[in-house]
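Below you'll find the structure, written out as structure tokens, and then a few comments.
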Amino acid sequence: MRAERATALVMVPAVALVFIVLAAIALDLTAVAGVQRSAERTLAAAVDDAAGMIDGRAHQADGSIRIDRARAEQLVRARIGAEELPGRVVGLTVDVTATTVDATMRIETPHIFLRAVPGLADSTLSSPIHLRARLRD
């Protein structure tokens with residue numbers, strides 16, 4: 001009976017330590033997901049606004065309605081550059097056709113708690129965010 005109590009007494013601190021580590025990992029990944037969602041909202045607003053950049057000269061010349069490619073790309077890049085995102089933008093590609101605006105952005109987010117783990121001090125997490133907006137007919 002005494003041996004069982006001693007085993008339980010040793011296991012409680014070990015289990016508590018495991019729970020603390022798991023909570024730190026969960027908080028770290030939640031913060032990264034929050035940064036990704038914030039960046040996605042910003043990119044979605046920029047792409048949506050860019051899809052509304054109608055080429056006025058083409059409309060006056062032949063009555064067609066299409067996206068002004070240069071102005072749309074400039075708008076997306078300016079909106080992303082002006083935002084104070086919590087992560088670091090490491091890649092932004094904008095592809096504009098006559099009726100669509102496609103943008104892909106990659107944002108790096110540093111770890112919060114996992115920096116304390118040896119070998120992960122300078123690592124970051126990133127994933128691409130891809131959005132498309134279409135000009136309605």
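The values are calculated or read from the model by the stated rules, or taken from the named source; none is laboratory data. Remember, predicted model here, so these are calculated numbers, not experimental data. Heads up, the Cβs are rebuilt from the backbone with ideal geometry, glycines too, and the neighbour counts pull from every protein chain shown.
Across the range 62-75, the qualifying residues are those that are part of a helix (DSSP H, G or I) and either modelled with pLDDT under 85 or among the aliphatic types (A, V, I, L, M) (or both), and the one among them that is surrounded by the most Cβ atoms within 10 Å (Cβ to Cβ) is Ala72. Looking only at the range 51-65, decide whether some residue is among the aliphatic types (A, V, I, L, M) and closer than 29 Å to Ile25 by Cα. No, there is no match, as no residue in the range 51-65 is among the aliphatic types (A, V, I, L, M) and closer than 29 Å to Ile25 by Cα. Considering the conditions (1) modelled with pLDDT of 85 or more; (2) loosely packed, with under 13 Cβ neighbours inside 10 Å; (3) more than 24 Å from the chain's Cα centre (by Cα), Val90 is excluded by exactly one of them, (3). Residues of the range 48-61 that are part of a helix (DSSP H, G or I) and either of a type in the set (Ser, Thr, Tyr) or within 14 Å of Ala98 (Cα to Cα) (or both): Ala50, Ala51, Gly56, Arg57, Ala58, His59.
None of Thr30, Thr7 is among the β-branched types (Val, Ile, Thr), free of Cβ contacts under 8 Å to residues at least 12 places away in the same chain and closer than 20 Å to Ile107 by Cα except Thr30.
For the structure I just gave you, tell me whether Asp102 is touching a residue at least 12 places away in the same chain (Cβ under 8 Å), out of contact with any Leu (no Cβ under 7 Å at 6 or more places or on another chain) and surrounded by 13 or more Cβ atoms within 10 Å (Cβ to Cβ). Judged against the criteria, Asp102 is a match.
All but one of (1) touching a residue at least 60 places away in the same chain (Cβ under 8 Å); (2) aliphatic (A, V, I, L, M); (3) farther than 14 Å from Ala133 by Cβ; (4) touching a Leu at 6+ places or on another chain (Cβ under 8 Å) hold for Ile80, so report the exception by its number. The number of the failed condition is (1). Residues in the range 79-86 include at least one that is among the hydrophobic types (A, V, I, L, M, F, W, C), in a helix (DSSP H, G or I), at pLDDT 90 or above and surrounded by 13 or more Cβ atoms within 10 Å (Cβ to Cβ). When Pro110 is tested against (1) in contact with a strand residue (DSSP E or B) (Cβ under 9 Å, 6 or more places away or on another chain); (2) over 17 Å from Arg37 (Cα atoms), only condition (2) is not met. Taking the condition surrounded by 11 or more Cβ atoms within 10 Å (Cβ to Cβ) and on the phi < 0 side of the Ramachandran plot, does Val32 pass? Against the criterion (surrounded by 11 or more Cβ atoms within 10 Å (Cβ to Cβ) and on the phi < 0 side of the Ramachandran plot), Val32 qualifies.
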